[in-house]
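Everything below concerns the one structure shown next.
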Amino acid sequence: MFISVHACDSSRQPHGRVRRRSFVISESSSGMRILIADDHETIRKGVCTILIAHFDLRSEDCVEASDGHEAIQKAVALKPDVIILDINMPVLGGFGAALEIQRLLPGTLILFFTMHTGEQFVLEARKAGVQGFVAKDRAADVLVDAVNALLRNETYF
């Protein structure tokens, strides 16, 4: 069975309490699930749009997270085929999220999609156990190529 995870927005309750986010799980027919974690909504939406079109996914098969902590929560609930992480995010960055996801879900395919292009970042990404690294200034087809490589159990750096 394949699942999709949808976040329910948190809301203020009487007396200033905040209701925590909960995740609604439903079956997915596409068979492929992707999690995009980036603190910029425009990037998340754009990446989902590209991947949904290329892989013929339903919109609910591309789940978004705005920080590393949320990415970990959704990864555990969703167990996506591929996780695409930004390096710089609030609460918990991509390196910390990647390490924790690998600890909780060994073998999970993780791709960094970031504006940082220095060799040191690539070396640190390899140490963190991610399988791919793509700069955000690259064309969309490079991102698709990277996801395809990961799905073939290849690395993409």
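Residues in region 89-105 include at least one that is polar (S, T, N, Q) and either in contact (Cβ under 8 Å) with a residue 12 or more places away in the chain or within 18 Å of residue 45 (Cα to Cα) (or both).
If you go through region 99-134 and keep only what is within 15 Å of residue 81 (Cβ to Cβ) and of a type in the set (Phe, Trp, Tyr), you end up with nothing.
Any chance region 58-79 includes a residue that's within 21 Å of residue 157 (Cα to Cα), hydrophobic (A, V, I, L, M, F, W, C) and in a helix (DSSP H, G or I)? Checked against the condition, which is being within 21 Å of residue 157 (Cα to Cα), hydrophobic (A, V, I, L, M, F, W, C) and in a helix (DSSP H, G or I), region 58-79 yields no hits at all. In summary, residue 103 fulfils each of the numbered conditions (1) within 14 Å of residue 36 (Cβ to Cβ); (2) more than 11 Å from the chain's Cα centre (by Cα); (3) of a type outside the set (Phe, Trp, Tyr); (4) assigned to a helix (DSSP H, G or I) with the single exception of condition (1). If only residues of region 143-157 that are of a type in the set (A, V, I, L, M, F, W, C) and part of a helix (DSSP H, G or I) are counted, the one that is surrounded by the most Cβ atoms within 10 Å (Cβ to Cβ) is 147. Under the condition of being modelled with pLDDT of 95 or more, surrounded by fewer than 21 Cβ atoms within 10 Å (Cβ to Cβ) and among the small types (Gly, Ala, Ser), the residues counted in region 27-52 number 1.
The values are calculated or read from the model by the stated rules, or taken from the named source; none is laboratory data. Just so it is clear, the structure is predicted and the values come from calculations on it, not from any experiment. Backbone-built Cβ (ideal geometry, glycine too); neighbour counts: all protein chains shown.
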